[in-house]
Amino acid sequence: MAGLIWKNLGNNQKSLEKLYMKMNHYKLKTSPYDVNYSSEDSPRLWWLGIDDERNNPLQQLALLMLDITPHSASCERNFSALGGSMVKEDCVYLLKKSKVWLKLDLIIYQKLMN
């Protein structure tokens, strides 16, 4: 997954191979990845403290991932569009309506195929 993200960011094969090498170093806890994480640190500060070379792809990817803000705005927007809450009767109604549409689609499909 990390490699796919890295390539989608526009990095070349050589850079991808370097990323994989750095990931192996991290997994094996070789220097500089052998530094203990302190409760006084944040993950961002820890990664900023990794100073083994300029343009470290693993460090760049980690900092990029840490900059992503998790949110559920799209889910909340959809929930609001549904009126804030759905009771059991609403769900049953929607289910019945979707079954009707499915049956109609099947009938139309069968007529087109004959």
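The values are calculated or read from the model by the stated rules, or taken from the named source; none is laboratory data. Quick caveat: nothing in here was measured; it's all calculated off a predicted structure. Don't worry about glycine lacking a Cβ; one is built from the backbone with ideal geometry, like all the others, and counts go over all protein chains shown.
Structural remarks
- Taken together, the residues in the range 18-51 that are assigned to a helix (DSSP H, G or I) and of a type in the set (D, E, K, R) amount to 4.
- Looking only at the range 46-68, and only at residues there that are closer than 16 Å to LEU16 by Cα and surrounded by 12 or more Cβ atoms within 10 Å (Cβ to Cβ), the one that is farthest from the chain's Cα centre (by Cα): ASN56
- Whichever residue in the range 17-75 is more than 13 Å from TRP6 (Cα to Cα) and among the acidic types (Asp, Glu) and, among such residues, is modelled with the highest pLDDT: ASP34
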